[in-house]
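In what follows, a single structure is set out as structure tokens and then discussed.
The values are calculated or read from the model by the stated rules, or taken from the named source; none is laboratory data. Everything quoted here is computed from the prediction, not taken from an experiment. Every residue, glycine as well, gets a Cβ built from its backbone with ideal geometry; the counts of neighbours run over all protein chains shown.
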Amino acid sequence: GQSLEQPSEVTAVEGAIVQINCTYQTSGFYGLSWYQQHDGGAPTFLSYNALDGLEETGRFSSFLSRSDSYGYLLLQELQMKDSASYFCAVYQAGTALIFGKGTTLSVSS
Amino acid sequence: DAGVIQSPRHEVTEMGQEVTLRCKPISGHDYLFWYRQTMMRGLELLIYFNNNVPIDDSGMPEDRFSAKMPNASFSTLKIQPSEPRDSAVYFCASSLASGTSGGREQFFGPGTRLTVL
């Protein structure tokens, strides 16, 4: 079978750094994606890791360790607008994405 | 580009009625996906198409659900008959087979919020 595990909730304050972890079990693994979804909105793409290591895009970074079946999303200099749900998603053979249950991030001032 | 277009945005219907959700993918995209999102089950892949051909419909919950893609610019998801447990937000997404992210980036429509009474 396949599964993804990520924390259900994370809280932080403005300006802080937060890390959202994701562990997965799947066959035919190609890579790990991260999506952001604000309340009432559609998921939007943040990043994709196919190889081990860190990918940086502005305040957001994503990491993958294929040997550990583990990845994380790192959000720096948190802002109130970063309050949203964050989903890790495994990209596997056939271009299908399998999404985790999502982590709700609450940023307070 | 207008992005992925879905209609209707909201649908309220009574149990037993037929419901048809519509999706127009981004022009030029090869893949189209239908997802369902609920608090309990999260974001579930129902079915996806490649070049208008259904590739994997293993996520379709029951025979009451059916999806079609008659051409590259239009897809429908039909529920007949609808039940209260079908209440959810249904998203359509599309992607390229290749691209800067290797085609992994999916572009989601705004979703259809379905309520079955």
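With respect to being in contact with a Phe, Trp or Tyr (Cβ under 7 Å, 6 or more places away or on another chain) and of a type in the set (G, A, S), A:S69 fits the description.
The residue pairs whose first member lies in the stretch A:29-40 and is touching a residue at least 12 places away in the same chain (Cβ under 8 Å), whose second member is outside any strand (DSSP E or B), and whose beta carbons are closer than 6 Å, counting only pairs six or more residues apart or on different chains, are A:G31/A:A50; A:S33/B:R104; A:Y35/A:P43; A:Q37/A:P43.
Looking across the stretch A:9-37, the residues that are assigned to a strand (DSSP E or B), surrounded by 15 or more Cβ atoms within 10 Å (Cβ to Cβ) and not hydrophobic (A, V, I, L, M, F, W, C) come down to A:N21, A:T23, A:Y24, A:Y30, A:G31, A:S33, A:Y35, A:Q36, A:Q37.
Taking (1) more than 10 Å from the chain's Cα centre (by Cα); (2) within 14 Å of chain B (Cβ to nearest Cβ); (3) in a strand (DSSP E or B); (4) more than 19 Å from B:F107 (Cβ to Cβ) in turn, A:E56 satisfies each apart from (2). With the condition kept exactly as written, say whether any residue in the stretch A:77-90 is part of a helix (DSSP H, G or I) and more than 14 Å from the chain's Cα centre (by Cα). Yes, the stretch A:77-90 contains at least one residue that is part of a helix (DSSP H, G or I) and more than 14 Å from the chain's Cα centre (by Cα). Count of the stretch B:68-77 residues, restricted to those that are of a type in the set (A, V, I, L, M, F, W, C), out of contact with any Cys (no Cβ under 8 Å at 6 or more places or on another chain) and surrounded by fewer than 20 Cβ atoms within 10 Å (Cβ to Cβ), is 1.
Scanning the stretch B:6-46 for residues being facing chain A (nearest Cβ under 10 Å) and surrounded by 13 or more Cβ atoms within 10 Å (Cβ to Cβ) gives a total of 10. Within the stretch A:82-100, being surrounded by fewer than 18 Cβ atoms within 10 Å (Cβ to Cβ) and closer than 19 Å to A:S8 by Cα holds for one residue alone: A:S83.
Of the listed requirements (1) within 19 Å of A:F99 (Cβ to Cβ); (2) surrounded by 16 or more Cβ atoms within 10 Å (Cβ to Cβ); (3) touching a helix residue (DSSP H, G or I) at 6+ places or on another chain (Cβ under 9 Å), B:P61 misses just one: (2). Those strands (runs of 3 or more DSSP E) of the stretch B:6-117 in which 1 or more residues are small (G, A, S) and modelled with pLDDT under 95 occupy B:42-50, B:88-95.
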